[in-house]
Structure formats: structure tokens, C-alpha cells
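Written out below as C-alpha cells is the structure these notes cover.
The values are calculated or read from the model by the stated rules, or taken from the named source; none is laboratory data. Keep in mind the model is a prediction, meaning the values are calculated, not measured. Note that each Cβ is placed from the backbone with ideal geometry, even for glycine, and that neighbours are counted across all protein chains shown. Only protein heavy atoms, including side chains, enter the accessible area calculation; ligands, DNA and RNA are left aside. Shrake-Rupley method; radii C 1.70, N 1.55, O 1.52, S 1.80 Å.
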Amino acid sequence: MRSADLLITGGTVLTVDEPGTVVPDGAVVVRDGTIVEVGPADVVAGRYEPAEVLDVRGCLVMPGLVNTHAHLAMNLFRGEADDVSLEEFLRRVLRAELVQLTAEAVAVGVEAALAECLRGGITTALDMYWYPEAATEVADRVGFRLLNGPSFMDVIDPDGRDFDRRMAWAEELLTQRRAADPAAPVWVMPHSAYMLSREQLERVMALARRFDARVHTHAAESPGETAAVLDRHGERPIDVLDAAGVLGPRTVLAHGVQLDAGEISLLARRGTAVAHCPVSNLFLGCGIAPLPQLLQAGVPVGIGTDGAASCGALDIFAGIRLAAMLHKGVTQDPRTVGAERAVRLATTGGAAALGLGDRVGALTAGRRADIVVADLHRLHVVPNTDVWSAVAYGLTPADVRHTIVDGRVLLRDRVLRTIDEASVLDRMTDLRRTRSLDLKERL
Ligand SMILES: [Zn+2]
């Protein structure tokens, strides 16, 4: 008998490995935060003496969902700029951020967002926002796999720093992160071509090269953005980013809605990944991304939520559903994208986009144990003859029973174990009640 920390047994295991293996009545064994074996429960379970067992009969066991584009603490402004254009949204939210945000408020927002993520089966998120140190502190305490880094816009930041002083702060932050864990990837996040000059983009990229950092930016989100970039730079967003050296195999570009065929093939040649954010794109009326063309061209694609102020709930199941269905409507061809492809985008696809392709995104031996267990014994998924379809067309965050990150059960039987949910709900409500974060009052 071999020792193990955790045995998840009796559920239908959707591994999302390359061949798409599904193990009915399967088991997943975890030791030291790593998946050590996946297979039929009657074969696997008897070999181990686990410290903890999750009996998950009637449930689906699948890889944790990867959110490739978020502004987690933007939940502080949820509902404050609905049903307006991207330009008006940015005017309201950005002004409020610059005037009102504090590291303490961001910490509360991130904690609430991570609680929502874990309830919705999200185990990894790429987060672009102010006060990344505060976000990381919360994520480390919670046990969540959060990727973030210094972000840059041509504005005075909430701490009163201009671009030059923010660059200096960023260099210090990246130096600290490198020293703390030389093996961990670091990120830099130039917001977009419309928020930065060519020189600023190039300076941020020089910083990225110096730290061998991964890069996250926004591009080609809306027609208004394309017009603003043409106005500022005389070129379209993708051309500007390419000329400034932003595009490359270590870059994740959020949205990619307003792309022509040449731009799609350039992204493919550069190996640049796209975070497909269909909920946000619909929310802000930005358009529908050419997902089938991106996939056809070989562009790596993951699913993102964007910030809660421009998507409502942080719900990757909703992103999967739209990715699976939206493009059937656009092409009037029901074979476009579909369930399996969309589920892969939110798991292996997202993991690969973030440079975590060999670490998370699938349930195979050797990967980190980021695992979601969702109830299949529900009216909206029964009799679930096809589990890919159950995920893409049925499951919602409310169906998630357990969420495991790095082998730790952070949501168990729908109870968060590292977040005091009642307290974080109260703190979110208090921030709103004091009107300190109410845009309509202030702006
Ligand atoms: Zn965004």
C-alpha cells in the first residue's frame, strides 16, 4: 500500500488529456499536491492508503478551470457601469479606480472574487489590476493559483505615481519576486495600445525582457478602441503592439475581437495567445471574436471572464457555453467549436496560454492537483450521456461541490475552507454602503 494525501473516488473523471479519456467510476490520487494516478476506482483505490477520501459518486471530476483574463477586484465596481459603451465604461471605472482605490479595498475585492472563483470551479486566474502585491497576499493566504504583475497605463496611478515612478516601483516588485522564487514566472502587464504611447510600450517590454517576464495586454476589443489606437498611433492595435515588440509566444492578449485575416495570421506566427472573453464582449457590445478563425490558424486560446464590472459574474462555465454556442450562430453551422473544444479552451487551452501547459489543465499523473468536482445528479444535466456536453451546456457554478488547488481542498461540500465567506460578504457590502466606491455619487 502506498501513501497518499487525497483520494477522490467514485465519480466520472473527465481527464481532458489528449485523447479525451473519460473514466466512469474513476479515481484520482493526490500526493504532495501532485496527481500521482488516475484510473478506474476498482483498480486504483485499493493501492493507496489516503489521509483523506472524497467519495464523489454521482459527480463529475474534471480539471480546475483556468481564467485567462480577469481584473478580480473590479468586483468592487460591479453594476456601476452597466449598459454603456466601452469608452464610457472606462471613463467611469478608471476614474473611480484612480481616485478611490486603496490596497485594503483591493484585498477585500480579491478575497470576494477568489471565493466566487472557487465556488465556480476556477483554480487559476491571470489578474491585471492595481495593487498586485495586495492581491498576491490574499491569494497566498487562500491557496489560489493567482498570476499577476505590475500593470501600466499612461495615467497617475492610485498611489499618485506617474509612469516613470511606476516603472521604478515595478522594477522593485519584479526584483523582489525573482529573489523570493527564482523559478516562478513573473508577468508585466502593459494595459493596451490605447492607454500607452509607443515609447511607453517599448519601455515596458524592455523591462519584460530584463526579467524574462510573460506579458499580458488588451487588444482589438472594440471598434472604438481600434479608432482610438489609429488616432493615437496611426496604426491598428495589433500592428502597434507588434512594432513595439509586445507580440510573442509569452504574451496573452485579451479579447482579439476586431481582427482581420492578416492580424490573425500574425498572432499565429508570433505564437501569441488570446484570452477569449465572450461574456464581456457581449456585455460591452464590442462584437464577437473570430474564435473559429483563431483556432483554425493555430492561435493558442483560453477563456477569460474580464472584470466583474464588465461581465457580471466571474463564471467560466458561462464563458464555455458561449464559446461553444455563439460561433454556431455566427456561422449558422452547428458544427462550429462545440462542447469538447470549448471545455478544452477553459482547461488545457488556458493552461497552455499561461505557460502552465505541463502543470495544470488536465487530470494526468505528474500535473499539479487542481481539480473540480461538480454534481451531475441535477435536473439540468441528467442523464448526462456525454460529459463534455454536461459541462458546456448544463453545469453552473452552483453545481460545484469541491474545488481543489495544488492538492488542497479549498471548497469542500460547498463550504469554503480558507475564506470566511460571511465576513467577506459583509466587508464588500460595507465598502459599498459607505459610498466610498459609488461612482454614480462621485462622478
Ligand atoms: Zn480587461
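Per-residue extension of 0.36 nm, minus the Cα-Cα distance of GLU171 and SER3, leaves a gain of 56.1 nm for this segment.
If you plug the beta carbon distance of ARG269 and ASP231 into 1/(1 + (r/R0)^6) with R0 = 35 Å, you get a FRET efficiency near 0.85.
Could you work out the helix-only [θ] at 222 nm for the chain, with each DSSP H run of four or more residues adding -39,500 (n - 2.57) and the total divided by the number of residues, to the nearest 500 deg cm²/dmol? After summing the helix terms and dividing by residue count, I get -11500 deg cm²/dmol.
A 1.4 Å probe, protein heavy atoms only, puts the accessible area of THR34 near 30 Å².
With all protein chains in place and a 1.4 Å probe, the accessible surface of segment 111-209 carries 50 percent carbon and sulfur. What the Cα atoms of segment 65-353 give is an Rg and a Dmax of 17.5, 52 Å.
Accessible surface computed residue by residue for the chain, with neighbouring protein chains in place and a 1.4 Å probe, gives 38 Å² per residue.
Inter-part distance, segment 9-76 to segment 289-368, computed on C-alpha centroids, equals 19 Å. For segment 237-365, with all protein chains in place and a probe radius of 1.4 Å, 52% of the accessible heavy-atom surface sits on carbon or sulfur.
Put a dot 7 Å past the Cα of ARG47, heading toward its Cβ, do the same for GLU133, and the two dots end up 4.7 nm apart. Summarising the strand pairing of the chain, around 45 percent of its internal DSSP beta bridges are antiparallel. Axis angle, to the nearest 10 degrees, between helix 261-270 and the longest C-alpha principal axis of the chain: 70 degrees. Reported to the nearest whole Å, the Cα centre-to-centre distance from segment 108-184 to segment 379-426 is 25.
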